[in-house]
Structures are given as C-alpha cells and as structure tokens.
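Q: One structure follows; several queries about it will come next.
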Amino acid sequence: MSDIKALGYLGFGVSDLPGWRGYATDFLGLQPVDRPDGSIDLRMDDHAARIRLVADAADDILWLGWEVADAAALDRLRARLAAAGVSYEDGSPADVKDRQVEALIRFADCDGTPCEAYWGLLRRTEAPFLSPIGARFVTGRQGLGHVILITPDRVRTEAWYRDVLGFRVSDYVHAEMAPGMTVDFTFMRCNSRHHSLALCSVPMPKRLQHFMIEVDNIDDVGRSIYRAEDAGVHTMLSFGRHSNDNMLSVYYITPSGFAVEYGWGGLEVEDESWHVQNHAAPSAWGHRFRPPPGTPAPVPTIMHEREDA
Ligand code: FE
C-alpha cells in the first residue's frame, strides 16, 4: 500500500498573478495570504496553504505536494524511491520553512513532473479559514481535491504511480470522441477520494489539464455558475455528473488556461469493496464542451460531448 496519504498542496506558476488573486478569492472562494516574496498562498481549510501562486510564465503546475503520515513514512518512501532508481533530494531548512511543513523530499515522476512528499503541514486553527464568499471545502483525509495530468505515455505513467508511489487504479474511461478516435483516462487514488490523480495522453502543451476542488454543498456549485456568468469567466464544461466518481461539477477556465473543476458529491471508495471499473464516457450527463472564445481548433481539452457533434 501507499505511504502517500493525500494530495496535500499544489504550486502553480501563473503569468497573471493579480488576475489569479481575484479569480481564486472572489470566484472560487479561497482565502488569500500574501507572502513577502510576492507569491500568494490560497487556503481552503485550517491548513496554512493548499495552493501557492507564483509569478511565472509557465501557466502550469510547478509542483505536486503529496502528504505522508510522519517521519517513518517519509523514510519508507525514500527507500521505495531508491529501490526504484528514482533520485530524490531532502528539502533544506529553507525549503521546509517555505512549504510550512516539518520535512519534505523532492523528486520527479517518470514524466519529469516535480513532486514533493512531506509530513506535518502547518495548521492554523488559531486563525480559522474564512472564505471570502462563504464556501466550505471537502478536504481532510481526502486531501485538497484532484489533478488530471497530461502524459506522453499514460500506461507507463500509471505503472509508475502504482509501482513507485503505491497508488491504486479506481477505474478507466475510454471515451470515443469521434469515430475511431478514443481518448483513454486512468483514475487513481491514494485515499478514499475516488481519485486524487488522473492521467490522459492528449496533445496539450501543459502538464496540468485541470484541478478539482470540492465544496460541501450543491448550492455552492450552483452559485458558481452565476458568479461565472456575472464575472465573464468562461465555462469550459457545463454542469454535469461524472460517470465514475459521481461528481456534480462545472469546469471553468482559469487565468492560466488550464481548467478548474468546481464540484460537489464526489464518491468515496473503500479499498476492501472496490473493484476496478471501466466507462465509455466521462459523464453520465452534461459536461457539455464550450470552446473558449477565440481558441483555434482543435481545442486542448478533455473533450466531452461537443455541442456541434
Ligand atoms: Fe476532474
């Protein structure tokens, strides 16, 4: 089994930091903490930070932070990485301070995506999380949500996360987007959240296709639809329900061009009773694709049902 307990934090490199600050706070409902170096931490719960926004032209994910339970678990992970021939670096005292954890290591997955594993993320119960719009997020043992990564070789990357980090496959989606053109997705978990990580191979210049954050009631998903309309935020996939994790969600384009899935009602999975499924479509209904204005075809997206299909 995995010593990875959760997707604990993320770092995004964003070219429009002021735009992102407003988007993350007024639209998504995350709490900003401005840092002396100009970066911004976003809170979703009592933890000091769940997402770090850094001014960077990448407009992509800069690091994934995977949580382990304690020092012993981090030692086991070091041994596991070494046995798999994956080199890692211990975080310096400055790194540990920067990430607000007790200890961390850095390594890269088989695609070169920067990963960190840590224990002891700072909690700020003396300064409770306060969403600017009153949203509450489902985190805790399920971690902050999930990410979908674009990989040149989904099967190889799936094997890497399974064999090296100990993730388990929850299911697959093999979606025929056009006659003879199937896009395959692997959904993987490291806790009871149906997936903390999903993988797909599509021609896209970014590592991150989307990240998902989950609110604790459906009304807050509904409200987001109308906030988007009022604020002119582009809805990439309309309201719908996913076929595999049952999430009721909407996908919005972020100022960095990747998407955020804003959802409620995600499935929790128990290892003892779960068996791997496969699906022919990503959604039971909805999630209709809306090309971002001015985007040249083919649009880099997860490609759900097309309006013009
Ligand atoms: Fe998702």
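The values are calculated or read from the model by the stated rules, or taken from the named source; none is laboratory data. In this text, all values refer to a predicted model and were calculated from it rather than measured experimentally. All Cβ positions, glycine included, derive from the backbone under ideal geometry; neighbour counts span all protein chains shown. Calculation scope for accessible area: heavy atoms of the full protein, side chains included, ligands and nucleic acids excluded. Shrake-Rupley method; radii C 1.70, N 1.55, O 1.52, S 1.80 Å.
Q: Among bridges DSSP assigns within the chain, what percent are antiparallel (round to 5)?
A: Here the share of antiparallel DSSP bridges comes out near 70 percent.
Q: Taking the Cβ of SER192 as the center, what net charge do the other residues with Cβ under 12 Å away carry, scoring Lys and Arg +1 and Asp and Glu -1? Don't skip to the end; give the middle numbers.
A: Working: positive: LYS5, ARG141, ARG168, ARG189, ARG193; negative: ASP245, GLU268, GLU270, ASP271, GLU272.
For residues surrounding SER192, the net value is 0.
Q: What is the percent carbon and sulfur in the accessible area of the chain, measuring with a 1.4 Å probe over the protein chains and ignoring ligands? Before the final figure, lay out each step's value.
A: Details: 6800 of 12960 Å².
Percent of accessible area from carbon and sulfur atoms in the chain: 52.
Q: Could you compute the longest span of the chain free of GluC sites (Glu not before Pro) located in DSSP loops and having at most 12 other Cβ atoms within 10 Å, not counting the site residues? Don't skip to the answer; put the middle values down first.
A: Working: sites that count: GLU126, GLU270, GLU272, GLU307.
Answer - 127-269.
Q: 5 Å is the cut-off here: which amide hydrogens, built 1.01 Å from N in the peptide plane, fall below it relative to ALA6, excluding neighbours closer than 5 in sequence?
A: GLU67
Q: Under 5 Å between amide hydrogens, which residues at least 5 positions from VAL269 or on another chain qualify, with H placed 1.01 Å from N in the peptide plane?
A: Placed amide hydrogens put ARG193, HIS194 under 5 Å from VAL269.
Q: Also, I was wondering about something else. Mean separation of Cα pairs under 8 Å and 6+ residues apart, divided by the residue count of the chain: what relative contact order is that in percent? Present the calculation step by step, with values, prior to reporting the outcome.
A: On the way: 718 pairs, mean separation 53.0, N = 309.
Computed value for the chain: 17 percent relative contact order.
Q: Can you show me the helix-derived [θ] at 222 nm for the chain, built from DSSP H runs with n ≥ 4 at -39,500 (n - 2.57) apiece and divided by the number of residues, rounded to the nearest 500.
A: Values: 5 runs with 50 residues, N = 309.
One gets -4500 deg cm²/dmol as the mean residue ellipticity at 222 nm.
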